[in-house]
Amino acid sequence: MPRLWLLTDPLRLPDPMPILPRLPRGAAVLARGMPEAALPPLAVACRRRGLRLLVGGDGRLALRLAAGLHVPERGAPGLLAFLRARRPGALLSAACHGLRGLARGRRLRCDALLLSPLFPTDSHPEARPLGPHGWAWLARGAGRACIALGGIRPATLGRVPPIATGVAAIGWWRGLEAGLAAEDALCQMADRDGRA
């Protein structure tokens, strides 16, 4: 399971290509809100770098790109087609913001659940953060790998609950040039929870 997840965003991170060289092999790239024409080159770049690509919200497109699928709360067209024809190694993840989302993730047999928001976040300032204790409580009952999302940045990384399988971020990745490298984040996570 990837420990680091880069999420695209139409406003804050519309083009992840400049960041891909900074990601360690095995990291996940979740493409959301990107123009469909930009996805085939992204898929090629991810394969070359050993990164795991997931397409947000379109199961048939994920199949065409030999990628994984991320299911937003509103669902995903082509989800059944993806589940039927899913390739080995293609990840299935889902957005979760509470108990209903976790139950849906279990029903879908997702590999990972992006549980959010852990901390206050720029992308959804109106959303009430779960906080480390609330997030950990939900993750313990998830029955699936839980990825921490929401307000992940160098200053909050040390407060991510140890039960988190990984971390996902949007804005943090844009700041890699100015600060923490992805490899440093992996080291911080390993130091925090005792795993290599």
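The figures follow:
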item: Residues located in the stretch 4-51, provided they are small (Gly, Ala, Ser), in contact (Cβ under 8 Å) with a residue 12 or more places away in the chain and on the phi < 0 side of the Ramachandran plot; result: Ala27, Ala28, Ala31, Ala38, Ala43, Ala45
item: Residue in the stretch 7-19 that is within 15 Å of the chain's Cα centre (by Cα), surrounded by fewer than 19 Cβ atoms within 10 Å (Cβ to Cβ) and within 16 Å of Leu149 (Cβ to Cβ) present; result: yes
item: Residue satisfying condition, being of a type in the set (Gly, Ala, Ser) and in contact with an Asp or Glu (Cβ under 9 Å, 6 or more places away or on another chain), within set Ala31, Ala38; result: Ala38
item: Odd one out for Pro40 among (1) under 15 Å from the mean Cα position of the chain (by Cα); (2) surrounded by fewer than 19 Cβ atoms within 10 Å (Cβ to Cβ); result: (1)
item: Filter pass, Arg52 being among the basic types (Lys, Arg), modelled with pLDDT of 95 or more and surrounded by 18 or more Cβ atoms within 10 Å (Cβ to Cβ); result: yes
item: Hey, Arg109 without any contact (Cβ under 8 Å) to a residue 60 or more places away in the chain, in a helix (DSSP H, G or I) and exposed (fewer than 13 other Cβ atoms within 10 Å of the Cβ) or not; result: no
item: Single residue of Leu118, Leu113, Leu69 found to be closer than 24 Å to Gly141 by Cα and in contact with a Cys (Cβ under 9 Å, 6 or more places away or on another chain); result: Leu113
item: Test set (1) farther than 15 Å from Leu6 by Cα; (2) in contact with a Leu (Cβ under 6 Å, 6 or more places away or on another chain); (3) touching a residue at least 24 places away in the same chain (Cβ under 8 Å) - Arg159 fails condition number; result: (2)
item: Meets criteria (more than 14 Å from the chain's Cα centre (by Cα), buried (at least 19 other Cβ atoms within 10 Å of the Cβ) and either within 22 Å of Gly166 (Cβ to Cβ) or at pLDDT 95 or above (or both)) for Ala76; result: yes
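Okay, residues lined up against (1) within 25 Å of Pro21 (Cβ to Cβ); (2) modelled with pLDDT of 95 or more; (3) surrounded by fewer than 18 Cβ atoms within 10 Å (Cβ to Cβ); (4) not aliphatic (A, V, I, L, M):
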| site | (1), (2), (3), (4) |
| --- | --- |
| Arg128 | no, no, yes, yes |
| Ala145 | no, yes, no, no |
| Gly175 | yes, no, yes, yes |
| Ala190 | yes, no, yes, no |
| Asp193 | no, no, yes, yes |
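The values are calculated or read from the model by the stated rules, or taken from the named source; none is laboratory data. Computed from a predicted model, the values in this text were never measured in an experiment. Cβ atoms come from the backbone with ideal geometry, glycine included; neighbour counts cover every protein chain shown.
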